[in-house]
Amino acid sequence: MPASIFAKLSDGSELLLREVTAADRERAIDAFDRLNSGDIAMRFWRDLIDINDELLDRLTSADQINHLAWCALNPERLEDPGYGAGSVWRLKNDPSVGEISLTILPDYQGRGLGIVLFGLLWVLARLLGMQILRANVLNANHRALSWFKRLGGEVHSHGAFYEIDFCLMDNALAASEIPSQVELTRWIHFFQTEFGGES
């Protein structure tokens with residue numbers, strides 16, 4: 001399975017998608033510093049002034065089996081922090097479920113990168129035997145909740161947050177006419193081909 005792959009957004013922007021490694025600690029710090037306070041609160045569920053060593057270790061120590069982590073970079077400016085990243089943590093009490101999180105830097109939000117990372121992690125999680133991708137979203141994060149709903153997630157309320165599940169074995173997306181689901185299906189098929197998964 002390749003550790004990196006090239007892709008292109010609909011606006012023509014080139015992407016280098018690759019595994020996050022321990023060498024990305026400085027990149028993660030730079031990316032964190034470019035997030036606004038609202039993005040930080042919605043992503044980490046608390047206010048953070050800076051990113052500590054414990055959190056850095058957690059974000060950059062992916063084994064790519066129980067913790068998947070990939071970043072999206074500009075292949076012409078590899079010194080930059082990139083566009084964003086996505087992770088999946090396999091649940092210890094249920095290895096068939098992976099909790100997904102996505103972080104897109106403010107300057108690159110709304111350009112389709114979230115669906116690219118989601119499709120990539122969908123395919124990789126499925127190849128590793130996971131059956132469900134689960135997103136946990138705070139009630140106040142209306143934008144993320146709406147986005148996951150449009151992608152076809154099954155929503156369950158848990159008081160202060162929503163749990164949104166996607167069945168990785170379900171092929172219903174392929175027959176959808178909802179634009180966001182059609183786009184997600186296109187990226188899933190692209191990554192299935194690139195990684196040798198099921199078509």
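The values are calculated or read from the model by the stated rules, or taken from the named source; none is laboratory data. Fair warning: this is a prediction, and the values are worked out from it, not measured in the lab. FYI the Cβ positions are ideal-geometry reconstructions off the backbone, even for glycines, and counts take in every protein chain you see. Calculation scope for accessible area: heavy atoms of the full protein, side chains included, ligands and nucleic acids excluded. Shrake-Rupley method; radii C 1.70, N 1.55, O 1.52, S 1.80 Å.
Could you pull out every residue, at least 5 positions away or on a different chain, whose amide H is within less than 5 Å of the one on residue 84? Hs are placed 1.01 Å off N in the peptide plane, and Pro or chain starts have none.
Correct list: 72, 105.
Let me cross-check residue 142: its accessible surface, 1.4 Å probe, with only protein heavy atoms counted, in Å² to the nearest 10?
130 Å²
Applying the Karplus parametrisation 6.51 cos²θ - 1.76 cosθ + 1.60 with θ = phi - 60° to the phi angles of region 131-146, what ³J(HN,Hα) value in whole Hz is obtained for each residue in order, glycine and proline being reported as x?
Along region 131-146, the couplings run 10, 9, 9, 10, 10, 10, 10, 4, 3, 6, 8, 4, 5, 5, 4, 4 Hz.
Once ligands and nucleic acids are excluded and a 1.4 Å probe is used, how much of residue 107 is accessible, expressed in Å² to the nearest 10?
Approximately 130 Å² of residue 107 is accessible to the 1.4 Å probe.
In Å, what Kirkwood hydrodynamic radius results for region 93-134 from the alpha-carbon pair distances?
Across region 93-134, the inverse of the average 1/r is 11.2 Å.
Hey, if we sort 78, 59 by accessible area with the 1.4 Å probe, largest down, what's the order?
Descending order: 78, 59.
Under the 0.36 nm per residue contour assumption, what length would be gained going from the current alpha-carbon distance of residue 94 and residue 39 to full extension?
This chain segment gains 16.9 nm when fully extended.
Would you mind getting the accessible area per residue of the chain, heavy atoms of the protein chains only, 1.4 Å probe, in Å²? Don't skip to the end; give the middle numbers.
Numbers: 10290 Å² over 199 residues.
That works out to 52 Å² for each residue.
Of 169, 130, 1, which has the most accessible area with a 1.4 Å probe, and how do the rest follow in descending order?
Ranked from most to least accessible, the order is 1, 169, 130.
Kindly identify region 110-199 as rounded, prolate or oblate by the Cα gyration tensor criterion: order the square roots of the eigenvalues as a ≥ b ≥ c, call it rounded if a/c is under 1.5, otherwise compare a/b with b/c, prolate if a/b is larger, else oblate.
prolate
Please give the solvent-accessible surface of residue 132 in Å², to the nearest 10, using a probe radius of 1.4 Å with every protein chain present.
Its accessible surface works out to 50 Å², give or take rounding.
When the Karplus curve 6.51 cos²θ - 1.76 cosθ + 1.60 is applied with θ = phi - 60°, which whole-Hz ³J(HN,Hα) does each residue of region 13-20 get, with x for Gly and Pro?
5, 7, 10, 10, 9, 8, 5, 7
For region 110-151, state the semi-axes of the equivalent ellipsoid (square roots of 5 times the eigenvalues of the alpha-carbon gyration tensor), sorted largest first and rounded to whole angstrom.
Equivalent ellipsoid of region 110-151: 21, 14, 7 Å, largest first.
With N residues in region 62-148, what two-decimal value do you get for its Cα radius of gyration over 2.2 N^0.38 Å?
1.13
Mean 1/r over all different Cα pairs, inverted: what Kirkwood radius does the chain give, in Å?
Numbers: mean 1/r = 0.0584 Å⁻¹.
Final number for the Kirkwood radius of the chain is 17.1 Å.
Tell me the carbon and sulfur percent of the accessible area for region 44-154, rounded to whole percent, probe radius 1.4 Å.
Summing carbon and sulfur atoms, their accessible area is 47 percent of the total for region 44-154.
Let me check something: with ligands and nucleic acids excluded, how do 18, 143 order by accessible area (1.4 Å probe), largest to smallest?
Descending accessible area places them as 143, 18.
Dipole of region 78-199, Cα-centred, from +1 at each Lys and Arg C-beta and -1 at each Asp and Glu C-beta, to the nearest 20 debye?
160 debye
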